[in-house]
Amino acid sequence: MGKHTSGNKMTTQMCGVSLLFFSLLVLSDAITLRKIGVNYGRFGNNLPSAYQSIEILRSMKAGSVKLYDANPEILTLLARTNIRVSIMVSNDEIINIAANQTTANKWVEDNVLRYYPDTIIRTILVGNEVLSYSSDAGKQIWNHLVPAMRRIKISLRAQDIRNIKVGTPLAMDVLQTSFPPSNGTFRSDISTSVMVPLLNFLSSTKSFFFIDAYPYFPWSANPINISLNFALFESNIKYTDPGTGLVYTNLLDQMLDSLVFAMTRLGYPDVRLSIAETGWPNAGDIDEAGANIKNAATYNRNLVRKMTASNPTGTPARPGALIPTFIFALYDENRKTGPGTERHWGLLHPNGTSIYQIDLTGKRESSDYETLPPAQNNVPYKGKLWCIAAPEVNLTELERALTSACNQGNGTCDSLTPGKECYEPLSVTWHASYAFSSYWAKFRSQGANCYFNGLAQQTTSNPSELHDFK
């Protein structure tokens, strides 16, 4: 009898200890999920070293870091830093991993086991915005995405690793309909073939739906009908979804809930969301309204405050939900192609200094920040623009870009032939400026931009009226 009673007490004590341990794990997990992560992109030729970058992340008190590969030097430096790490399988590795378990095992051996657990790897992201690539080659990867994720998960389980999530970051263009949020629907070309198996995998493994969500893009595409303050978490405007009656006070919540409703439509209402990328550009081209330091600081500060709150707000469709969030990006990256904003999402300049002050812990009061420079470009530019050669660029590279632009055809450089009206002054800089502007004017509507490998810039002055090209 006494032994039986003692056994009951011991069992009760063990259960109590187990319950306490589980509760502490849940609490620790919740605290970790509330810490803001940062995307560490390295597409620049003037960035601090990996060692300096890790020290910067530590000084910023980043809770986690997301890499776009599994860089050995960085993963080694992250050991024993207490920073949670997300690593990535590149898009071009997906098909081979999907086809062969041995290949998946080798990837995990080389990129996880070599560093884990000293480096706190918590997420493996398979591919990056895979479903946004619609070329024939890009589409080939679509149906291999989930099989590759399964193989990576099998490899982890074979090593008895249970605390690393496997997912894939997607862009908002996976949605066919996103407004109002209750109408959220995945694209018809991926809904059944990719999204259903993906959601099934995420649900069964208790992983996250990772989304790259940038309110800047829908706002900048429609600044007349979307309030800038609504996009910056600064608005008193309230939008009521006619389908659900849910009330929205910011654009990000609308975007996230459109995904919730799209998942619910396919029978997966409980898959958790994680924001793999979000942010606001601190600068951009002349025709990129709203890309400035004030808006970038305002958005990211408010985002941090929302996501790190001790009582998380979640979204209207998921009140109180914790949403792990990574800000894009650590640095401005000067080697990224495309419009000017592509090179200006950083929290920091390439030399490691702050572009604006931000506290990733969310504890700093708004009144404690220094005054931000006023926004000068919140209204879309409506004047004329030209694309000219940037100053002080390498003339050999400029001549190469000039030749490339002229070889596109469609009469881009007809006026530069000898005897034609724009042949003189005879200089590489002038001819390049004419060719860049001509090409941009012809192909801008098809997505061309004024970049030309960093050799061009926009101007509001007609280059034919300038006299410094000789």
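The values are calculated or read from the model by the stated rules, or taken from the named source; none is laboratory data. In this text the structure is predicted, and so the values were computed from the model without any measurement. No Cβ is skipped: glycine too gets one built from the backbone with ideal geometry, and neighbour counts run over all protein chains shown. Note: accessible area is taken over every heavy atom of the protein model, side chains too, but ligands, DNA and RNA are not part of it. Shrake-Rupley method; radii C 1.70, N 1.55, O 1.52, S 1.80 Å.
Can you give me the number of residues within the stretch 413-437 that are surrounded by fewer than 19 Cβ atoms within 10 Å (Cβ to Cβ), at pLDDT 75 or above and either closer than 10 Å to F452 by Cβ or of a type in the set (S, T, N, Q) (or both)? The number of residues fulfilling the criteria is 1.
Consider I355 carefully, then state whether it is in contact with a strand residue (DSSP E or B) (Cβ under 7 Å, 6 or more places away or on another chain) and closer than 17 Å to N292 by Cα. So I355 passes the test.
In the stretch 182-246, counting only helices (runs of 4 or more DSSP H) that sit wholly within it, the ones holding 2 or more residues that are farther than 17 Å from Y299 by Cβ span 196-204.
One residue is enough: does the stretch 396-412 have a residue meeting the conditions β-branched (V, I, T) and either surrounded by 15 or more Cβ atoms within 10 Å (Cβ to Cβ) or not in a helix (DSSP H, G or I) (or both)? Full working, then the answer.
We begin by selecting, within the stretch 396-412, every residue β-branched (V, I, T); these are 396, 403, 412.
Restricting the remaining residues to those that are either surrounded by 15 or more Cβ atoms within 10 Å (Cβ to Cβ) or not in a helix (DSSP H, G or I) (or both) gives 412.
Within the stretch 396-412, one or more residues are β-branched (V, I, T) and either surrounded by 15 or more Cβ atoms within 10 Å (Cβ to Cβ) or not in a helix (DSSP H, G or I) (or both).
Counting residues in the stretch 185-195 that are under 17 Å from S90 (Cα atoms) and open to solvent by 20 Å² or more (accessible area, probe 1.4 Å) gives zero. Within the stretch 261-282, the set of residues being assigned to a helix (DSSP H, G or I), in contact (Cβ under 8 Å) with a residue 24 or more places away in the chain and open to solvent by 10 Å² or more (accessible area, probe 1.4 Å) comprises F261, R265.
Of all residues in the stretch 188-199, at least one satisfies being touching a residue at least 12 places away in the same chain (Cβ under 8 Å), under 24 Å from T123 (Cα atoms) and out of contact with any Leu (no Cβ under 8 Å at 6 or more places or on another chain).
The residues listed here are S86, S64, S90; of these, the one that is open to solvent by 10 Å² or more (accessible area, probe 1.4 Å), closer than 13 Å to G37 by Cβ and of a type in the set (S, T, Y) is S64.
Just so you know, in the stretch 452-465 the residues that are part of a loop (DSSP other than H, G, I, E, B) and over 18 Å from L395 (Cβ atoms) include one that is modelled with the highest pLDDT, and it is T460.
Within the stretch 67-78, can one find any residue that is part of a loop (DSSP other than H, G, I, E, B), at pLDDT 95 or above and more than 14 Å from L330 (Cβ to Cβ)?
Kept after step one, since they are part of a loop (DSSP other than H, G, I, E, B), are these residues of the stretch 67-78: 67-71, 78.
Checking the rest, the ones that are also at pLDDT 95 or above come to 67-71, 78.
Among the residues that remain, those that are also more than 14 Å from L330 (Cβ to Cβ) are: 69-70.
Yes, the stretch 67-78 has at least one match.
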